[in-house]
Amino acid sequence: MRFVVLVLALAFPAAGVLAADAFNRAEAAPRAIGVEVVGDAAAYLSIAAYAPNPHACVVTTSGGIIAIAFSDCMSGGGTGMNPGSDADAGNRTTYWFHDLLVVTNKGTKPILVWVNATTTSAGGSAVTVGRHADPGQMTTGLYSASSGAMSLAAGHDLFVGVGLHGGSLAGGSVTGALRFTARLD
């Protein structure tokens with residue numbers, strides 16, 4: 001009986017080693033994948049204008065995709081930002097628009113969300129992003145070109161603002177983009 005137990009004790013690890021190296025390559029039959037492509041507001045990571053914001057008019061939707069364009073919809077009829085100052089970095093024009101967007105986790109699990117801004121204009125100008133878990137709590141100190149990850153539970157919101165920094169621009173425009181990235185927490 002001891003011999004049988006000893007043979008079985010040696011056979012099981014050997015079978016595991018052989019099974020682990022059973023093949024070098026496999027091609028499984030294809031599996032179907034299906035997902036609907038929807039607009040930003042209906043996506044798992046929903047992105048929408050935050051309607052209570054007084055500057056919500058700068059957020060437009062075209063074909064279900066959100067865009068931000070600072071134009072003459074601002075109250076008082078303004079159409080742009082003041083020119084910057086090359087000589088005095090402290091007097092460069094900066095505008096912050098808090099809580100322009102609301103990002104909602106419409107999935108079923110907590111996620112980590114990053115929001116990063118890139119600038120495509122020149123002259124030291126920049127686009128930055130601010131974010132906060134609660135509306136009305138954003139401050140200018142929260143803005144930067146890239147944010148660290150922020151945890152967002154299923155069904156919860158993240159409020160996003162945009163900062164425009166004129167740099168030394170005397171004319172032209174400040175342009176850039178926001179990139180939203182999410183993964184399971």
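Where a number appears in this text, it was derived from the coordinates with a stated rule and is not lab data. Note that the structure is a prediction, hence the values are computed from the model and not measured. Ideal geometry is used to build each Cβ from the backbone, glycine not excepted, and the neighbour counts take in all protein chains shown.
In percent, what relative contact order does segment 74-185 have, based on Cα pairs under 8 Å that are 6 or more apart in sequence? This gives 40 percent for segment 74-185. Rounded to the nearest 0.05, the FRET efficiency derived from the C-beta distance between residue 120 and residue 67 at R0 = 22 Å is 0.95. Its Cα centre serving as origin, segment 40-184 has a Cβ charge dipole (Lys and Arg +1, Asp and Glu -1) of approximately 440 debye. Diagonalising the gyration tensor over the Cα atoms of segment 40-184 and scaling each eigenvalue by 5 before taking the square root yields semi-axes of 28, 17, 13 Å, largest first. Give me log10 I(q)/I(0) at q = 0.14 Å⁻¹ for segment 102-185, Debye formula, one equal scatterer per alpha-carbon, no solvent. Log-scaled intensity ratios, in q order: -0.51.
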